[in-house]
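Below you'll find the structure, written out as structure tokens, and then a few comments.
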Amino acid sequence: MESRFQYLLDRVRDAEFDLEPFPHLYLRDFLTQTDFKDVTTSAEIDLHPAKGLDELFASLKSAGYEPIQFPGCTQLISEYRRWIEDASRPSETHAACEGQGMALRQKQPKSDAVIALDSFFRSPEFKELLLAKFGITEPTRVEAGLQKYLHSYEISPHPDIRSKALTWMLNVNPAADSESLGFHTHYLRFKPEYSFISSLWQNNPTVETCWVPWDWCETVKQQPENNSIVMFSPRYDTIHAIRAHYDHLATQRTQFYGNLWYEDSSSVTHWPQFTDYDFMADRYLQASPPLHLV
């Protein structure tokens, strides 16, 4: 591992869990100011403002970014352009979302600080610390990278699928006013009338979780702070969401994003969607103890 970021292991190891709205680590000022400046002023992150989509995508490509398959996103620039310019709803838009954005991952990092931080997040030392910190004992694999998310990127409230063991998100936004922009992650809980869904997920580990409409939940807090990182191990109540509405020509939402994935995710046998839950509401609200789906 690059020794430059060795201190981050201690930061994570010593951190205490926040419990609202679910157990998670929320570390502010994660990097030292020197490291954070080196990362956010790098050519990979601090792109020049663009005058239009063509210039934006040319700049992203030149900086080493490529569209990736990602929830709430299309990989097709042509489809994204139709949505942004003509309000032509993307074909794969989730029923609980208004539209789709684009996520692009840095494939060719060149700056020393970006390379070193990316290597840290992929390192065995970081992974082993996370496994110990969150009590994860099953075999996992790492997926991580530096990503930018364009306007209209949206994932409605959800707790992550059961094959995901852990998620982390470090804000490295280059804009000085990034904390006031409309692209920050929401951390939510179900409204009382929909809390039966969490109970269902908790009591039925073979039932996959799903995205739900925004108005079924309430935001408890967001993650606007630049240089902040959130880490959590998904479970039935780790509800989070994002709806990005901002000027992506001027700047872009930028994160070091990563997951631990379980190597074996074969336990799920049922995949209901949010539309399957409306008619269940009365049944589950009235049941005591909580009913099981299967």
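Going through (1) under 27 Å from ALA176 (Cβ atoms); (2) in contact with a strand residue (DSSP E or B) (Cβ under 9 Å, 6 or more places away or on another chain); (3) in a loop (DSSP other than H, G, I, E, B) one by one, GLU98 falls short only on (1).
Listed by first and then second residue, the pairs linking a residue in the range 95-116 that is modelled with pLDDT under 90 and surrounded by fewer than 18 Cβ atoms within 10 Å (Cβ to Cβ) to a residue that is of a type in the set (Gly, Ala, Ser) and not in a loop (DSSP other than H, G, I, E, B), with Cβ atoms under 6 Å apart and 6 or more places separating them unless they lie on different chains, form an empty list.
Is it the case that some residue within the range 102-112 is charged (D, E, K, R), out of contact with any strand residue (DSSP E or B) (no Cβ under 9 Å at 6 or more places or on another chain) and either part of a strand (DSSP E or B) or over 30 Å from GLU263 (Cβ atoms) (or both)? Taking every residue of the range 102-112 in turn, at least one turns out to be charged (D, E, K, R), out of contact with any strand residue (DSSP E or B) (no Cβ under 9 Å at 6 or more places or on another chain) and either part of a strand (DSSP E or B) or over 30 Å from GLU263 (Cβ atoms) (or both).
Taking the range 8-48 only, how many residues are in contact (Cβ under 8 Å) with a residue 12 or more places away in the chain and either hydrophobic (A, V, I, L, M, F, W, C) or surrounded by fewer than 12 Cβ atoms within 10 Å (Cβ to Cβ) (or both)?
Residues flagged as in contact (Cβ under 8 Å) with a residue 12 or more places away in the chain and either hydrophobic (A, V, I, L, M, F, W, C) or surrounded by fewer than 12 Cβ atoms within 10 Å (Cβ to Cβ) (or both) within the range 8-48 amount to 17.
Do any strands (runs of 3 or more DSSP E) entirely within the range 212-294 hold 1 or more residues that are modelled with pLDDT of 85 or more, of a type in the set (Ser, Thr, Tyr) and over 30 Å from LEU117 (Cα atoms), and if so, which?
217-222
Look at (1) surrounded by fewer than 15 Cβ atoms within 10 Å (Cβ to Cβ); (2) within 17 Å of ARG253 (Cβ to Cβ); (3) over 20 Å from the mean Cα position of the chain (by Cα) and you find that LEU53 fails only one, number (1).
For the range 203-225, taking the residues that are among the polar types (S, T, N, Q) and touching a residue at least 60 places away in the same chain (Cβ under 8 Å), the one that is surrounded by the most Cβ atoms within 10 Å (Cβ to Cβ) is identified as GLN223. Taking the conditions (1) farther than 25 Å from PHE232 by Cβ; (2) out of contact with any Pro (no Cβ under 9 Å at 6 or more places or on another chain); (3) crowded, with 19+ Cβ neighbours inside 10 Å in turn, LEU130 satisfies each one other than (1).
The values are calculated or read from the model by the stated rules, or taken from the named source; none is laboratory data. Computed from a predicted structure; not experimentally measured. Because the Cβ atoms are built from the backbone with ideal geometry, glycine has one as well, and the counts that use them run over all protein chains shown.
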